[in-house]
Structure formats: C-alpha cells, structure tokens
Amino acid sequence: MGKVGLGLAVGWAAATCAIAAVIVGRRVRRRREWRRVMAVVEELEEACSTPVGRLRQVVDAMAVEMHAGLASEGGSKLKMLITFVDRLPNGSEKDTYYALDLGGTYFRVLRVQLGGDRSGILRHDVERQPIPQHLMTSTSEDLFDFIASSLQEFVQKEEGVSEASTVKKRELGFTFSFPVKQTSVSSGILIKWTKGFAIEDMVGRDVSECLQQAMSKKGLNMRVAALVNDTVGTMALGHYHDKDTVAAVIIGTGTNACYWERADAIIKCQGLLTTSGGMVINMEWGNFWSTHLPRTSYDIELDVDSPNPNDQGFEKMISGMYLGDIVRRVILRMSQEADIFGPVSPKLSEPFILRTPLMAAMHEDNSSDLREVARILNEVLGIPDVPLKVRKLVVKVCDVVTQRAARLAAAGTVGILKKIGRDGRGGVTSGRIKGGSHSKMRRTAVAIEGGLYTSYSMFREYMNEAMTEILGEDISPYVILKITEDGSGIGAALLAATYSSPGVANVQLL
Ligand code: BGC
C-alpha cells in the first residue's frame, strides 16, 4: 500500500469512528431523554395514585366536611346550601311545563308534558345550543337577553306564533348550575361563578329576577316557579323514576352533588320546619378540599393560572372543564424535558387548547397504531410525526389523569352515603358495625348525569370499579349509580310542577 493508500485507509477509519461515535452519542442522548420523559410520567403516576386506603380517607373527610358545613355558615369549604326543595315530584304532576338549563357547555330549553295520575312524562322536547363564548364574560343583561330570546323562539315554535302570545301564564323551572344562596324555592342570589363564567355585575343578584326581567322585555308570559341547581333537577327526575334515589351527582363541565337530608340535621338553620321533615341540600362539592387529595404540581399550576385560585379544588381535579388541560400541561413538561416531540410546539402553551373530549378520544383510541392520538397531537397541539412508543406514553398520561378523577368522584359519592348511613357501615357518627353490616343495607340509588360519566366509558368504568372497591363486594350491589339523561332540565320542569301552585308555604325558617 502506498502512502496515498495508507492515508485514505486511515482517513476512512477515522471517519467511520467519528460516525459511529455520533450514532452512539445520539443513542445515548436519546436513551437519557427517554429516561427523563419516563421519569415525568412515573412521577405523575405516583403523585396521582389513589389506593383504596387513600380513597377511604377522602370518604371520611367528605363526610366530616358535610357535618361541618351543616353545622354553621362558613363552617366548611363545602357550602351545603339549603334548596327549599322539601318535596320531590311523586307522579301526580300534570300539564305542560317549560325548563331552562344553564350552566354547562350547552344551554338547553325544554318543554315537558306531564300526564298526572302516575302516567309519567308523556313527552319532552329539548333544544340545545352551545353558549356563545363571549356571553360567559359579558354582562348579565347580554346573557339573560340571549336566554330569553332562545326561550321565546322555542315557545313560538312549540306552540305556534299566535298561541304564544295568548296562552295563559306558563310555569318555568330554571336550572342555574352555579352556587346560589336560595331565598325561596323560586329565587336565590348568585354567590360566585365557576366553570369559566365571569360576569361580575351578576354576583350578589337574584338570578330569577334577572331572568324574569329579560322575559318581560320580550313580552314572554312566563313565571319562574322553581330555581334549581342541576344536581337538584337530576335528583328530582331520579326520584320520580326510582324512590330509592337519595342523592345526585353531576360530572360534566363542572362537578357537584346534592342529597336528601333530615331537617333536624341542618343545624345552621335552627328551627327549620318542612312538611316532609327533610330537604335537598346542594353540597357544592366542587369546592371540597382535603389534605388527602393527591395533588400534583400540574394541579397547583392550573389553579394559579385560573380565574378562581384556591377555589373549586375538587372540581379542578375531576371535571371536564379541567382534565384536558392537566394532560396538556404534562405533555408540555415532557416536551420541555426532551425532544421526543420535536421542538416544543407553541400550541402546548395555550391554556385549554386540549379540550377534555379530545383527551378522551386519545385515551379511547383502539387502533393498533394509535391513529387518533397522532391526529390530535398533530392537528390540535401542532406536534407532527410522533413515534408510536411516544403516542403510547400520551395515552398513559390520559389514563392516569382520568383514573384519578373517576376514583375521587367515587370517593366523594361514598362520602355522602357514609354521612347518611347508606354505606353499609352505619354512618359517620354511629361508628362501624362489625360483621353482617350489609343485612341493614337498603337498596340505594344515586342519580348521575354529565358528559364525563355518560359519554366517556373509561371514566365510567373507573368510577364504578372504585365504588365497588371502597364499598366492598358485599355492600356495592345495593348501591346503584343510575344515569338520568336530561335530568337537570326535565327535573326542573317537574319541580316547577310540584311548586307551581302559589301559596304552598312548605318551608319555614324560624
Ligand atoms: C357549580 C355547581 C354545579 C356543577 C355541575 C359547578 O361548577 O358550582 O353549582 O352543580 O358545576 O354543573
């Protein structure tokens, strides 16, 4: 080999070594980055873990806070609001009633025909439309004018234009799904907004009065006969169909629960007299808090960035308004830790860009190559060409966040059952009954509504599974979570029927 040949050979070898070094270096770097990303996911999993022991602590905390909220005004983060609903519809309700349902992503108008004599609901018509985004932060006048217009159009369509102006006064059930301090069964004052609504001039004002004024402006002859929370509407319909219904839970854009309480247990309303001896309590459990809740750095950041920091802590871990955004925050962190997603997409920093239904679609993607995950990452988050192994990691993140939410919702529900002694263990004050406790257990139904539970099967499965885990195999068959479709709206119409006769002074606050 001549000098030239030798030089070429040495050069070749050096180049090969350099290339090999680059390849090895890249592999090492990739492996290191993968480990960092895995650490993000593992850390999330650890922080979100909800073993049954922890869930039982949440159950206990919920029951204790319920007691505290009933004992005194401001005694707990749980408001435990009285609703003035001391009777639930029983099947004798007759005639046609309207309902308005405001509080989730959609706004609904309903017309419900009731047969009376236990013949049930003869017919119900529903129209739903998304709430224009700008109205959520505009003025109360804009919002209520929009509601009244939609109602007027609906009435005209249902009854015919000529009839609409001549028909006798109609009765309306108004489902307004925000914390309201009721002053009667048909009136109440808005305490605060949740779920992204922020219309400052509304806080502290009577909700029914605002609607009544907007309806008069339009010449609509209608009276608000019942002002209810969506949980209360759902409970009314649940109970109408199943007398064993003792509570209702909503898991949709927001989350909350209500239940039937004995009047004498509502200590903060001393001398509360109701004909039935009980009343529905709107818990506003979205604001529940306990140190036992598994909180992550993502929850803390989400809370700080929200318009209502330190508020609605339970809701921010559970409901549809927030789950997608928790997942977005985790993907952003993964992307910052390593370039497995390529350069950090600016879209990842946009709050609420990953809506919960999209997150659910990724979670439930059954295709072998996770096509839907790839599509959403690309089209919504601006991250193209994500390898399969990374897509799998994204599905894992959705799973962890959803599982925690569903299990906490289950713990909250069992907390209510514990408070009223329907958890098979004799209630929070009476201690545990050893052995054979289920012989005392009565069939117990909980009405449940909200898109997260009804349309997201993984959420539903996780929640049902956790209910069984917490209650135990012997008690859980007695407890039924019953989907109550359109319950919030139909239930409001039923309550309008129950409370429509003027002068039924059912509740006395002495
Ligand atoms: C509201 C509740 C409501 C729940 C479900 C929460 O944000 O505060 O009043 O029942 O959402 O819609």
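The numbers here are math on the coordinates, done by the rules we state, and not lab data. In this text the structure is predicted, and so the values were computed from the model without any measurement. Quick reminder, even Gly has a Cβ in these numbers, built from the backbone with ideal geometry, and neighbours come from all protein chains shown.
How large is the Kirkwood hydrodynamic radius of the chain, counting all unique pairs of alpha carbons, in Å? Walk me through the numbers before you get to the answer.
Numbers: mean 1/r = 0.0402 Å⁻¹.
Here the Kirkwood hydrodynamic radius works out to 24.9 Å.
Find how much the distance from GLU127 to GLU33 grows on full extension, using 0.36 nm per residue of separation minus their present alpha carbon separation; answer in nm with one decimal. Extra length available between GLU127 and GLU33 comes to 28.8 nm.
Label zone of SER368 (point 7 Å out along Cα→Cβ, amide N under 20 Å): in the stretch 382-412 this covers 386-393, 395. Based on alpha-carbon atoms, the Kirkwood radius and the radius of gyration of the stretch 90-184 give Rg/Rh equal to 1.00. Pairs over the 21 Å Cα-Cα cut-off, from the set LYS268/LYS316; LYS195/LYS419; LYS195/LYS268; LYS157/LYS218; LYS181/LYS243; LYS195/LYS482: LYS268/LYS316; LYS195/LYS419; LYS195/LYS268; LYS181/LYS243; LYS195/LYS482. Each of the peptides 353-360, 65-72, 317-324 was scored by the mean count of other Cβ atoms within 10 Å over its residues; in descending order, highest first, they stand as 317-324, 353-360, 65-72.
When a footprinting reagent is the concern and you count Cβ atoms within 10 Å, what order do CYS269, CYS210 take, fewest first?
On the way: CYS269 15, CYS210 20.
The order, fewest Cβ neighbours first, is CYS269, CYS210.
Neighbouring Cβ atoms within 10 Å as the yardstick, rank CYS258, CYS48 fewest first.
Working: CYS258 30, CYS48 24.
Fewest-to-most Cβ neighbours within 10 Å comes out as CYS48, CYS258.
Between LYS243 and ILE483, the contour length at 0.36 nm per residue exceeds the alpha carbon distance by 84.9 nm.
For the stretch 150-282, treating each Cα as an identical point scatterer without solvent, what Debye log10 I(q)/I(0) comes out at q = 0.18 1/Å? Here the Debye-derived log intensity ratios amount to -1.14. Spin-label model, LYS217 to ASP201: label points 7 Å out along the Cα-to-beta-carbon direction sit 0.9 nm apart. Inter-label distance, ASP474 to VAL344: 5.4 nm, where each label sits 7 Å from its Cα along the C-beta direction.
Across the stretch 217-294, how large is the tail of the calculated P(r) beyond 19 Å, expressed as a percent of all Cα pairs? Counting pairs separated by more than 19 Å, the tail of P(r) holds 53 percent.
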